[in-house]
Amino acid sequence: MRIDTRYFNFYREVQRWRGQYVKLVVLIFSYALVCALLAVTLRLGDVLFKDLPGWIEVDNYVYSVVRRHNDGAVSGIEKNAINTLSTASQITKTSWIWPRSMELTKPNGQVGNLSVLVFSQTFFENLAPSLISEVQGEGIWLSHHFWQKNFSDHVSVDGLFFVHDRVEFPIPIRGVLPSKFDAVGPWKPDIWLSENYLAYSTPFSSKNTQLVDRFLNAVPEYYGIIQADSAVEPLALVNWLNDSDLMVGGIVIQEDGAEYAIYKNINFDPLAKSALVEQWTLIIILLVLFGMLVVINSIIIFSAQSLDSQAEYRLMRILGAKESLIFKTRFVFALVNALIVGVISLIFLEILSEIFNATPVFSSYMNGNELSASFTDWGAAWLVTTGLLLTTTFIPLVKQRNDSLFKRQAVTGKSIVRKVSEFIMLTAQMAIVLFAIELCFHIVWDQVKREQTHVLKSNVNTIKVNKFGSPISIASLRNANKNFGTNGSLAFSATEFTNTHSVLTENSVRIENNVAKYEMPIQVWAVSDNFFQVLDVPLLGLSDRWRNGVVINATAAKLLSGDNNDLLNTIGQEIDLGVIYGVQRIVGIAPDIPHQGRSAAPRPSVYTLLVNPVNQFVIYHQNSNATHSDVMFWLNNHVANIETERAALQTLIDEQDKVAYFLMYFTLAVSLILVGSVVVGLVYQIRADLNSSKWEFATLVAIGAPDSWIFWRSSAHLILAIIVAVPISLILLVNYQLILTSLQINMPQINVTLLLSSVLMTGAIVSWVMYLQLRKLVLRASFADLR
Amino acid sequence: MLMAPLIAIKNLSKSFATQAGNVDVLHDINLAIEDGESIAIVGPSGSGKSTLLSIIGLLETFQAGSFQLRDHAVDELTDRQKRIIRNQHIGWIFQNFNLLPDLTAWENVALPLKFNQSINRQHYFSLALEALERVGLIDKAKSFPTQLSGGQQQRVAIARALVTKPGLLLADEPTGNLDSESSKTIVDLLTQLAQEGSAVIVVTHDDSVARRCSRRLTLNSGRLVDEN
C-alpha cells in the first residue's frame, strides 16, 4: 500500500485547529481588515500628497498659486502676479482659471445662473495638450455633465450659442469637454469660457481697453497654475513674489489681509484637504491600534496553540524529525492563510473605497472622482500583513525550539521578562478597549445630548429663491405674509441658512466698557424680524417686536461677556460690525442655531435685520402655517424671473452633519470591532493563562481557599492592567479629541462620569470573561489537575 | 461517650459520565479509619485509588453510599462547609509538590492560615516557621520553590499540610518524584505525624512506603479487594 505523505503535515496543521476554526476565521478576517486599511491609507496618502488630478496630462512639477486668508480659506490672485511668476527662473509655464457665476440666456431662451470657469489661453496647451486642437479660439465649451443634462438630445452643439446681456454678440458653443473636466479643484462648472469674454465683465465699457486691461490685471480672482521642470521651493517663490512690484497703474484694490500661498499639485481647497489629512491621520491611528491588537491577539492565539502542541513537537524532535520539517509545515500553512487574507482584503478594500467615495469630505476634495484601488498599494499592504502574520506565527515556535527535549515535572516560574512582556500586552489591550469604550460612550452621550438640546423644530421648510434682474424689496417680501392666513408665517434671510461665506474675519468686534475688549471673527446673517418666531426659537431680552439693533447667539454672548459669565449683561451693549453693518446695539440673545450642523462647534453669530433689497434670499415657513404650494403660488404671481430650490431645514442641517456623522459612525464601528477583538483575545489569553496554572488554583481549592481569594489571585494582574490602562486611554482620547476639534467637529469635553462608567464597563467585561473562564477551568477543577 | 471514628464509609460508589456512557470507578467501598492510623492505598493504575483519596479529601462527590467524617455526613455538607473542613482539618501532600512559585517557602506554608479567619494574622509567621522547623527547613524560609531541591520542596509541602495541625493527612504519591534518600525522610515525617495522632492516608505504588503504614488497602477495578 502506498501512502501519499505530501500533504500529510499540512493536513495535520489544519487538524490542529479542529474545534477552533472560529478563532482561525477571526484571525484571518482581522489580518484582511488590517491589509485593506493599510492599502486604503497608502492610496489616500498618494491622493493627498502625490497624485495629480486626472484632467492633468503632463507629468512635470505642478503648483497652485492662491491667496490664503486667516481662516485657512483661499481665494484667487491677480493676473499681474501670475504674469510676474512666469518670469521666475524655475517656472516654465503658467496658466489660470477664474471660477464665477454668470447669468446667461441658454440656447432655448431660458435665463439661468450658470457656474462658469473662465480659462486662460494657455490652460489646455499647458495642462491637457491632447485637447489643443479641440479647444481653440473663443467661445463656450460645455462640461460633459451639463451637456448630458441639457443638450444630450441635440445631435450636435454646433451653431448653438449663449447670450449675455453685456456681450453684444452671441457666444458660440464650440464643443463638449471630456467628463474628466466636469470637476476641477472644488468647482463643478457648467460651462468653460475663453478668457477674451472677461473684458465684458468689468465695471468699465469693453471698448475702454486700457481700463479693462488694468482692471483685469489687478483684480484678485485668478487661480494660478504654474509648472516647472524641477521641484520649486514654494516659500522662496512666495517671498520672491512679495518682493516683486505688482502694482497696476491707476487701480487700487483694498487689502484684505490675505497672503500669497503656493501649494504642491492642484490644491484650491486646502481646508478640505486638511480635513482629509486629518481623516487620514485618524485612519492611521485606528490602523496602528487595530494592527497592534491583531498582532497581540495572534501572538496569544499562536502561543496558546504552541503550548497545546508542545508535547507533540518535542516527541517529533526526540524521534528525529528534522526541525526544518516542523518549520516548513507551519510556513506553508501561514502562507496559505496569507493568501486567503489577501483575497478577503480585496473585498474589504472595495467596501472601504466605497465608504470613502461616499464621504462628503472626500468627494468634495476629489470632486466626484473615485478612490480606486491601486495594485501597488495593495501589494505593499499585503506584504506587510503577510510579514506580520509569519512573524507572529513563528515567535512562539522559535521559543519552543529552544525548549529542552527532556523535562522533569518541577515547579517552574515565569521569567521577569516574560511577566513584563505579558503585562505590557495585557495593558495595551486594556488601554485599547478602554479607549474604544470611552469613545463609544462619548459619541453616544454626545448624540443624546445633541438631540435633547436641538433648538429647531423639524417641520420648518425652506425655499431658496434666486431672482434674476432687479432685486426685490423687503416691503414686498413682508407683503407676502399678508397673503397667508397667519400674519408673519414666512420668514426671510438674505443668505442661505448654512452659508459660511458671510464670516467677517477682517472685522473685529468690541463691546464698549467691556474690560476684555474681545475681538473675534463673527458670522453675520441678515434676517427678517420674525425669523426666530418662524423657527420657533426663544429669544432672551427681546419681548417686543424686533425693530432695530442686532441679536447675537449664545456663543457670541458667552465670548463677549468675558469673565462675567452673565450673558444678559451683553444686552444693550454696542457691537462694531465693521464698514458694512456699522456699530449696532445688541437687543437680544438667541440660542445657538446649528447653521453648520449640530455636530459642529457653534460659532459666534450676529443676526441683523434684513433691510436692503435682495436678489437671492431664503424663505422659511412652518408646514402648519403655510404649505409649499401656497408659497410657490404667491412667488410665481408676485416675483418674476426666479429659480427656486426647496429643502426641509432639517435636511440642510443633516447635510452639514454628514461628515461628522460619517466619522462618528465609522469610529463607533471601529471601536466596537476593537472591543470585540479585545474580548476574543482576552478569552483566549485568560484561558491559556488559567490552563497553564490550573494546578495552582486546584491546589488552592484543595487547601480550602475561598472562591473570592482564587478569583482575586487569578485576576489581580488584570485589575492592575486596567489601572495602568486608564491614563493611557485618556491620552488616546485627548489626542482623538484634538483631531476632531481640528476637523471642527464638536465633541463634548471629557466627562468624568463617562470615564468612570467606561472603566466600570471595561471592568465588568473583563470580570465577566474572567468569571466564565474561572468557573469553567478553576472552580470546577478536578483532582486530576492536582497531579 | 465514645467518639465517632474519623472516617466511616459505607457502600460508597462513584461513577463518571463519559461519551461512551457511565464508567464505574468505585463500587461498594466500606472503610473505617481512626485517629492516628496510617493507611496505604495501593493497587494498579486506574483502580480508583486517587478517586477514593479525592472523595475522602472532599474534592469529589459520590453517587451512592454514605461517608461520615467524624460527626459530619459529607453528602449533607455545603461547599462552604467542605472548604472550611479542607482548610482546618485536612492536609494535602501531592506528588508534584504544588507549591506556588511566586511565594517563598514560609509564605507557601502560611497559605492555609490565611484562609482561616479564626487565626490572628500576627501568628502566621510564627506558625509557619514552626512548621518549617518540624520539617528541618527553617533556614530555607525565604527561599522560593525554584531555589529548592525536589526533596526540600516536598518537605515544604508537608509543612504546609501540617501547619493547621489537621486530624487527617492525605498524600498522593508523595515520593513519586523523589530519590530514595528524600523518600525516606518524607516517609519518616509522615509516620511521625501519625504517631502524634493524625490519620495519614497515602496513595502509593511504592511498596517500601506501604510497608511503613499500619494498614494497607488494595483496590482493584474500584473494589476494595484486600485489607491487612
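Which angle between 0 and 90 degrees, to the nearest 10, do you get for helix B:150-162 versus the longest principal axis of chain B when only C-alpha atoms count?
Between the helix axis and the principal axis of chain B, the angle is about 70 degrees.
With a 1.4 Å probe, what is the total accessible area buried between chains A and B, in Å² rounded to the nearest 100?
On the way: alone 38210 and 11400 Å², together 47280 Å².
Roughly 2300 Å² of accessible surface disappears when A and B pair.
If one takes the longest principal axis of the Cα atoms in chain B, at what angle in degrees, from 0 to 90 and to the nearest 10, does the Cα axis of helix B:79-89 lie?
Approximately 60 degrees, to the nearest ten.
What order do you get for A:673-679, A:166-172 when each peptide is scored by the mean count of other beta carbon atoms within 10 Å, highest first? Before the final figure, lay out the partial values.
Values: A:673-679: 20.0, A:166-172: 13.7.
Packing proxy ranking, top to bottom: A:673-679, A:166-172.
Using per-residue counts of other Cβ atoms within 10 Å, averaged over each peptide, order A:757-765, A:239-247, A:585-593 from highest down.
Details: A:757-765: 16.7, A:239-247: 12.7, A:585-593: 20.0.
Descending packing order for the listed peptides: A:585-593, A:757-765, A:239-247.
Counting only DSSP beta bridges with both residues in the stretch A:61-264, tell me the antiparallel percent, nearest 5.
Details: 36 of 43 bridges.
So the antiparallel bridges amount to about 85 percent of the total.
I'd like to check one number: the per residue accessible area of the stretch A:61-264, probe 1.4 Å, reported in Å² as a whole number.
Details: 9700 Å² over 204 residues.
Per-residue value: 48 Å².
On average, how many beta carbons from a partner chain sit within 10 Å of the beta carbon of a residue in A:701-713?
Details: counts 3, 15, 16, 17, 7, 7, 3, 0, 3, 0, 0, 0, 2.
Neighbouring Cβ atoms belonging to other protein chains average 6 per residue here.
Here is the link list: A:Lys23/A:Lys694; A:Lys776/B:Lys142; A:Lys188/A:Lys467; A:Lys23/B:Lys49. Which ones come out longer than 32 Å on Cα distance?
Working: A:Lys23/A:Lys694 22 Å; A:Lys776/B:Lys142 34 Å; A:Lys188/A:Lys467 22 Å; A:Lys23/B:Lys49 39 Å.
From the list (A:Lys23/A:Lys694; A:Lys776/B:Lys142; A:Lys188/A:Lys467; A:Lys23/B:Lys49), the Cα-Cα distance tops 32 Å for A:Lys776/B:Lys142; A:Lys23/B:Lys49.
Using only Cα atoms, what is the ratio of the radius of gyration of the stretch A:61-264 to 2.2 N^0.38 Å? Provide the component values of the computation, followed by the final result.
Working: Rg = 17.7 Å, N = 204, 2.2 N^0.38 = 16.6 Å.
After normalising by residue count via 2.2 N^0.38 Å, the value is 1.06.
When Cβ neighbours within 10 Å are restricted to other protein chains, what is their mean count per residue of peptide B:142-153? Write out the running numbers ahead of the final one.
Values: counts 0, 0, 2, 4, 4, 1, 2, 1, 4, 0, 0, 2.
That average works out to 2.
Within a Cβ distance under 12 Å of B:Ile138, other residues only, what is the Lys/Arg minus Asp/Glu net charge? Don't skip to the answer; put the middle values down first.
Working: positive: B:Arg134, B:Lys140, B:Lys142, B:Arg155; negative: B:Glu130, B:Glu133, B:Asp139.
Result for the neighbourhood of B:Ile138: +1.
Specify whether the C-alpha gyration tensor of the stretch A:587-653 places it in the rounded, prolate or oblate class, a ≥ b ≥ c being the square roots of the eigenvalues: rounded for a/c under 1.5, otherwise prolate if a/b is larger than b/c and oblate if not. Don't jump to the answer; show the numbers that get you there.
Details: a/c = 2.16, a/b = 1.59, b/c = 1.36.
Since a/c reaches 1.5 and a/b is larger than b/c, the shape of the stretch A:587-653 is classed as prolate.
Would you list, by chain and number, the aspartates and glutamates whose Cα falls below 13 Å from the Cα of A:Lys328, excluding same-chain residues fewer than 8 positions away?
A:Glu13
If the cut-off is a Cα-Cα distance under 12 Å, which aspartates and glutamates reach B:Lys165, setting aside same-chain residues fewer than 8 apart in sequence?
Reachable aspartates and glutamates: B:Glu130, B:Glu196.
Go through A:423-429, B:96-102 and give me the packing order, highest mean Cβ count within 10 Å leading.
Details: A:423-429: 19.4, B:96-102: 21.0.
Result, highest mean first: B:96-102, A:423-429.
I'd like the mean, over residues of B:98-109, of how many other protein chain beta carbons sit within 10 Å of each residue's own Cβ. Could the numbers behind the result be given before it?
On the way: counts 11, 3, 8, 7, 5, 0, 0, 0, 0, 0, 3, 0.
For peptide B:98-109, the averaged partner shielding equals 3.
The values are calculated or read from the model by the stated rules, or taken from the named source; none is laboratory data. All figures in this text were calculated on a predicted structure; none of them were measured in a lab. Note that each Cβ is placed from the backbone with ideal geometry, even for glycine, and that neighbours are counted across all protein chains shown. Areas reflect the complete protein model, heavy atoms only, side chains present, ligands, DNA and RNA absent. Shrake-Rupley method; radii C 1.70, N 1.55, O 1.52, S 1.80 Å.
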